[in-house]
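Engineer: One structure is given below, represented as structure tokens, and several questions about it will come after.
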Amino acid sequence: MQEQYHPAEVESAAQSYWEENQSFTVTEDTSREKFYCLAMFPYPSGKLHMGHVRNYTISDVISRFQRMQGKNVLHPMGWDAFGLPAENAAIKNNTAPAKWTYSNVEYMKGQLKQLGFGFDWSRELATCRSDYYRWEQWFFTRLYEKGLVYKKNSAVNWCPEDQTVLANEQVEDGCCWRCGTTVQRRELAQWFIRITAYAEELLKDLNKLPNWPEQVKTMQRNWIGKSRGVEMRFDLAEKLGGHTGFEVYTTRPDTLMGVSYVSLAAEHPIAQSLADADDSIAKFIAECKEQSVAEADMANMEKKGLDTGLKALHPITGEEVPVWIANYVLMDYGSGAVMAVPAHDQRDFEFAHKYSLPIQQVIAPKDGSAIDLTKEAFVDKGVLVNSGEYDGLDFKAAFDSIAQTLKAAKKGKVQTNYRLRDWGVSRQRYWGAPIPMLNLPGGGEIPVPADKLPVLLPEDVVLDGVQSPIKADPEWRKAEYEGRAVERETDTFDTFMESSWYYARYTCPNFADGMLDSDAANYWLPVDQYVGGIEHAILHLLYARFFHKLMRDEGLVECDEPFERLLCQGMVLKDGVKMSKSKGNTVDPAELIAHYGADTVRLFSMFAAPPEQSMEWSDSGVEGANRFLRRLWKTLHGHLKAGTPGSIDIESLNDSQRDLRRKTHETIAKVSDDYGRRQTFNTAIAAVMELMNEVSKLADRASPEGLAVEREALEAAVLMLAPIVPHIAQSLWHALGHSTIPLDAPWPAVDEAALKRTSIEIVVQVNGKVRDKMQASVEAERSDLEAQALSLQNVQRFLEGVTVRKVIVVPNKLVNIVAN
């Protein structure tokens, strides 16, 4: 063993060994317990950042630990390769997205290998390859045949710069999150998958996920948004074309008697009919379509509206109320119409104040206290007032009574609604999987037959930054079906489609006869541990759960949920700010590896904070991690030079040797729990560091027994660090005389006998203040402890000139001498 630690040599040797021996290649083995560990796969942007390093180090640590528990571990890696950034980069670099993407994949793959991540590269997949998206296309056609896919015109957020649809979450302050262009609302023909058909199951099955963070489950429950309310009809006082009225859904029917106006969304059919005949209404609607529809933005934006001049009839009183078009009402939610109760809804309150509309209190606090409606709406549930026959009723009684009145009048019914809307999967951009549908000349569409799949995306293209090459290519659009000329769909899939089932394809990435090999999928699934950022808590995770249930119902998988346990790692910060290129505060992992080695980078990223918390970057912390590894190497080198260890004869060990053994096995117990149940890798590292300090303090190299106890401690330390710093651990393990590698060694076991103490440190107090400490036998009598405590020189100093009144003994903990 060399005296000095040379990371580059150590890491090159370990990685060469893993490559030559295919150390991470796994197959199904029903005789062993399986463990499937997965980190969310990266977009091949071209360069790893510290967020990647942290994410994949976490999954690698868990995978290696579980492997050392004797499990058959799958830890795959691939590439979320489609998407707009590749198009933008291709335009900027005058290349094709495919070429840019494949180049980045190779470079990033090399970076991942440099960090020593134990991925099964034989299962590598890239979502932009046809052998992957072929089966996604096939599955979409199956869903279409089942009635779970449909096409309709829908209002969308449109970025005129990027020429694509944006999700509400991708609109920031009314602008595209990528390019900053003002977003427009447009009506486009879109493809949808009926996720709403699974809303109740998606909600209910969150209870099957006890190992998910509660925060994530709460976010999903809120996104699904199950509510019980009343759907009621407001008739128009005068018919408008074919419109005689509209429906409103509310969870607060107790406020119905306080309605002072109703508001329609800009896209509501009645609003559209009015716009056709009135330029001012058309102009206002156009303005509404320019605004952000993200919830956070809508809550804070200025409320704007236009009185249509129409009147609607209150469904109980028959009184006329004005009909407005309001910018804070969306067609996406409910029926695109809301009953406005300004006294008891803050948005309605702000709107009514701006336009001098009536504000009528109909709910009072239960405790009889007064409210001030000049300042804000009173939104709590309470007791009805100013509501005629419903006065005095609480929320539940009012809900039931008003619902019954509406039902009897055939004006309403109780209904369960969901905030969740069907999943729009259409993109207008090029770099994505083509949607496998054929548009018929006379209208309508049919799915591409299975034997004609995949519909290949041409990769050798020139981008102009405006129009998708497949939309601009009439030859690509041409197709034939049963002798008839048809046209291929030119929209491509939302990239959430690819990331919704990649985890399942990893179980059989080379299976050519179907979407999944069910035997392999059912062996590995569900994923036992999923690791990824909290930013994916809603859309990606919800879509993946939905897609999994769709695959289950197709007979491809058996389990109900895709991910058994979820860990959401925190961000990497520098000076309190998230690392990002735009802020210019990034740290290049490649430079760190070149200077310190991959193990130092891995050790620091796991030691700086618990995995679910944000990690503050620290140059001194990286240096400290490197010093620890050098000290570890030096300690092993000194130990090996000291001689040959004997065997451990427990009866012949002296007190310091027993203490070191006890510390070793206490550390094994703690680190095992930290890795497994708690997943707090920072505290596991700290515990091993403490053990190494004890080795330095207590090690006895003068005798074979002392060397044996030190060897036990060092071997345990190397194995416990192996999941985090696998390269140096492998080198040190071999130096200690082992022919295997730590990855294939059993995890160190706790010797319960070693944990038993023969002596213990006792705190000695005088009048409740600590004055000294002493070692005593764990079986010492109270009288012996009293006598030993009273004899301590430092204690006697505090007893001069006073009388000892009593001595309180807490066995194996403290002695408190009370004196005055």
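The values are calculated or read from the model by the stated rules, or taken from the named source; none is laboratory data. Since we're looking at a predicted model, the values are computed, not measured. Because the Cβ atoms are built from the backbone with ideal geometry, glycine has one as well, and the counts that use them run over all protein chains shown.
Engineer: Every residue in the stretch 1-29 that is in a helix (DSSP H, G or I) and either among the acidic types (D, E) or modelled with pLDDT under 95 (or both), please.
Structural biologist: E9, E11, E19, E20
Engineer: Any residue in the stretch 427-454 that is closer than 22 Å to R186 by Cβ and free of Cβ contacts under 8 Å to residues at least 24 places away in the same chain sitting within a Cβ distance under 6 Å of a residue that is surrounded by 14 or more Cβ atoms within 10 Å (Cβ to Cβ) and of a type in the set (A, V, I, L, M, F, W, C)? List the pairs, counting only those 6 or more apart or interchain.
Structural biologist: none
Engineer: Filtering the stretch 99-122 down to residues that are in contact (Cβ under 8 Å) with a residue 60 or more places away in the chain and out of contact with any helix residue (DSSP H, G or I) (no Cβ under 9 Å at 6 or more places or on another chain), which residue is farthest from K452 (Cα to Cα)?
Structural biologist: Y107
Engineer: Let me ask something additional. Which pairs do you get when a residue that is within 23 Å of P704 (Cα to Cα), found in the stretch 619-647, comes within reach of a residue that is of a type in the set (V, I, T) and in a loop (DSSP other than H, G, I, E, B), reach meaning Cβ atoms under 9 angstrom, with the pair 6+ apart or on two chains?
Structural biologist: From the stretch 619-647, the pairs are L632/V725.
Engineer: Would you confirm whether any residue within the stretch 668-686 is surrounded by fewer than 20 Cβ atoms within 10 Å (Cβ to Cβ) and under 20 Å from L732 (Cα atoms)?
Structural biologist: Looking for residues that are surrounded by fewer than 20 Cβ atoms within 10 Å (Cβ to Cβ) and under 20 Å from L732 (Cα atoms), one finds at least one in the stretch 668-686, hence yes.
Engineer: Okay, next question. Please pick out the residue among E535, E561, E612, E591 that is closer than 27 Å to R421 by Cα and out of contact with any Asp or Glu (no Cβ under 8 Å at 6 or more places or on another chain).
Structural biologist: E535
Engineer: Now a separate question. Got at least one residue in the stretch 381-388 being crowded, with 18+ Cβ neighbours inside 10 Å and assigned to a loop (DSSP other than H, G, I, E, B)? Reasoning before the result, please.
Structural biologist: Taking the stretch 381-388 and keeping what is crowded, with 18+ Cβ neighbours inside 10 Å, we get 382-384, 387.
Checking which are assigned to a loop (DSSP other than H, G, I, E, B) leaves us with 382, 387.
The answer is yes, given that some residue of the stretch 381-388 is crowded, with 18+ Cβ neighbours inside 10 Å and assigned to a loop (DSSP other than H, G, I, E, B).
Engineer: Something else about it: Identify the single condition in (1) more than 26 Å from Y132 (Cα to Cα); (2) assigned to a loop (DSSP other than H, G, I, E, B); (3) touching a Gly at 6+ places or on another chain (Cβ under 7 Å) that R32 does not satisfy, given that it satisfies every other one.
Structural biologist: Just one mismatch for R32, condition (3).
Engineer: Here's another thing I want to ask about it. Take D528 and decide whether it is at pLDDT below 95, among the charged types (D, E, K, R), touching a strand residue (DSSP E or B) at 6+ places or on another chain (Cβ under 8 Å) and surrounded by 21 or more Cβ atoms within 10 Å (Cβ to Cβ).
Structural biologist: No: the conditions fail for D528.
Engineer: Under 7 Å between Cβ atoms, which residue pairs at least 6 apart in sequence (or on different chains) link something in the stretch 299-316 that is closer than 23 Å to E247 by Cβ with a partner that is of a type in the set (S, T, Y)?
Structural biologist: Listed pairs, sorted by first residue: K303/Y328; G305/S263; G305/Y355; I316/T405.
Engineer: Which residue, of N88, N55, N93, is over 28 Å from P526 (Cα atoms) and crowded, with 16+ Cβ neighbours inside 10 Å?
Structural biologist: Testing whether each residue is over 28 Å from P526 (Cα atoms) and crowded, with 16+ Cβ neighbours inside 10 Å leaves just N88.
Engineer: Got a number for residues in the stretch 180-232 being at negative phi, without any contact (Cβ under 8 Å) to a residue 60 or more places away in the chain and part of a loop (DSSP other than H, G, I, E, B)?
Structural biologist: Going through the stretch 180-232 one residue at a time, the tally reaches 2.
Engineer: Would you be able to tell me the number of residues in the stretch 468-495 that are surrounded by 18 or more Cβ atoms within 10 Å (Cβ to Cβ) and aromatic (F, W, Y)?
Structural biologist: 2
Engineer: Look through L707, L636 and report the one residue that is over 45 Å from the mean Cα position of the chain (by Cα) and modelled with pLDDT of 95 or more.
Structural biologist: Only one candidate qualifies: L707.
Engineer: While we're here: Does S45 satisfy the condition of being among the small types (G, A, S) and either over 28 Å from the mean Cα position of the chain (by Cα) or not in a helix (DSSP H, G or I) (or both)?
Structural biologist: When the stated conditions are applied, S45 passes them.
Engineer: Would you mind finding the one in L592, L556 that is within 28 Å of C128 (Cα to Cα) and in contact with a Ser or Thr (Cβ under 9 Å, 6 or more places away or on another chain)?
Structural biologist: On the way: L592 fails: within 28 Å of C128 (Cα to Cα).
Criteria check complete, one pass: L556.
Engineer: Give just the number: which of (1) farther than 21 Å from V230 by Cα; (2) modelled with pLDDT under 95; (3) in contact with a strand residue (DSSP E or B) (Cβ under 6 Å, 6 or more places away or on another chain) does S335 not satisfy?
Structural biologist: The number of the failed condition is (1).
Engineer: So, S500, is that one closer than 25 Å to D451 by Cα, at pLDDT 95 or above and within 17 Å of the chain's Cα centre (by Cα) or not?
Structural biologist: yes
Engineer: Give the number of residues within the stretch 64-90 that are of a type in the set (V, I, T) and in contact with a Pro (Cβ under 9 Å, 6 or more places away or on another chain).
Structural biologist: Result for the stretch 64-90: 0.
Engineer: Go over the candidates D332, D348 one by one and state the one that is of a type in the set (D, E), touching a residue at least 24 places away in the same chain (Cβ under 8 Å) and buried (at least 18 other Cβ atoms within 10 Å of the Cβ).
Structural biologist: From the options D332, D348, the qualifying one is D348.
Engineer: Then there is this: In the stretch 90-125, which residue that is over 24 Å from the mean Cα position of the chain (by Cα) and among the β-branched types (V, I, T) is modelled with the highest pLDDT?
Structural biologist: By that ranking, first place goes to T101.
Engineer: Quick one: which of I359, I270, I325 is touching a Phe, Trp or Tyr at 6+ places or on another chain (Cβ under 9 Å) and part of a loop (DSSP other than H, G, I, E, B)?
Structural biologist: I359
Engineer: Would you confirm, using the coordinates I've provided, whether S582 is without any contact (Cβ under 8 Å) to a residue 12 or more places away in the chain, of a type outside the set (D, E, K, R) and either under 30 Å from L698 (Cα atoms) or surrounded by 15 or more Cβ atoms within 10 Å (Cβ to Cβ) (or both)?
Structural biologist: no
Engineer: Among the candidates A687, A699, A729, single out the residue that is more than 28 Å from the chain's Cα centre (by Cα), within 20 Å of L115 (Cβ to Cβ) and small (G, A, S).
Structural biologist: A729
Engineer: Would you list the helices (runs of 4 or more DSSP H) that sit entirely within the stretch 739-820 and hold 1 or more residues that are closer than 30 Å to L719 by Cα and within 50 Å of the chain's Cα centre (by Cα)? Give the steps one after another, and end with the answer.
Structural biologist: On the way: elements: 752-755, 782-791, 793-797.
Qualifying helices (runs of 4 or more DSSP H): 752-755.
Engineer: For the stretch 517-545, how many residues meet the condition of being in contact (Cβ under 8 Å) with a residue 60 or more places away in the chain and within 30 Å of T27 (Cβ to Cβ)?
Structural biologist: Looking only at that region, the number is 17.
Engineer: Let me ask something else. E302 fails exactly one of the following numbered conditions: (1) farther than 24 Å from N417 by Cα; (2) modelled with pLDDT of 95 or more; (3) under 42 Å from the mean Cα position of the chain (by Cα). What is the number of that condition?
Structural biologist: Single failed check for E302: (2).
Engineer: Still on this structure, I have one more. Report whether or not E214 is at pLDDT 95 or above and either closer than 24 Å to L148 by Cα or of a type in the set (A, V, I, L, M) (or both).
Structural biologist: So E214 does not fit the description; no.
Engineer: Separate question: Quick one: which strands (runs of 3 or more DSSP E) lie wholly within the stretch 405-453 and hold at least 2 residues that are under 30 Å from D473 (Cβ atoms) and at pLDDT 95 or above?
Structural biologist: Output list reads 437-439, 445-447.
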